[in-house]
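Since the structure comes first, as structure tokens, the remarks are kept for the end.
The values are calculated or read from the model by the stated rules, or taken from the named source; none is laboratory data. Keep in mind that what you see is a predicted model, and the values were worked out from it rather than measured. Positions of Cβ are generated from backbone atoms using ideal geometry, with glycine treated the same way; all protein chains shown enter the neighbour counts. These accessible areas exclude ligands, DNA and RNA; they are computed on the full protein's heavy atoms, side chains included. Shrake-Rupley method; radii C 1.70, N 1.55, O 1.52, S 1.80 Å.
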Amino acid sequence: MTARTIIERALSYLYTYDNGTNEVIFNDRYYGEHVSGDRFPWCCAFIWCIFDECGASDLFYDGKRTAYCPTVHQWGKEKGLIVPTS
């Protein structure tokens, strides 16, 4: 698996939108059922789905599941994967 493959897969979903409902295929895949609403932001579910579709689930959050961005950010900090902004 290459970073290019993962990025190209993510780009294949360019222009996916939710009309403010969080009603997208990524949430349905992540939760295993149709969900929508404010309780289901899909930013992290989208990334999880991309890695899963590419057969690279083990590279995302050590193969575990989370749909909460701060959890992934903390994991990245602990692993030394966060690039400083300054």
- Cβ-Cβ cut-off under 14 Å around W75, Lys and Arg +1, Asp and Glu -1: the net charge is +1
- Message: Explain nothing, just the number: relative contact order of the chain, from Cα pairs under 8 Å at least 6 residues apart, as a whole percent.
- Response: 23
- With θ set to phi - 60°, apply the Karplus curve 6.51 cos²θ - 1.76 cosθ + 1.60 along region 49-60 and write out the HN-Hα couplings as whole Hz, x wherever there is a Gly or Pro. 4, 4, 4, 4, 4, 8, x, 10, 4, 5, 7, 9
- Query: Per residue, what volume in Å³ does the convex hull of the Cα atoms of region 21-71 enclose?
  - Reply: 65
- Query: Rg and Dmax of the chain over Cα atoms: what are they, in angstrom?
  - Reply: 13.4, 41
- Query: At a 1.4 Å probe radius, carbon and sulfur cover how many percent of the accessible area of the chain?
  - Reply: 55
- Note on the structure: Result for the chain: accessible area per residue, probe 1.4 angstrom, in square angstrom, of 69
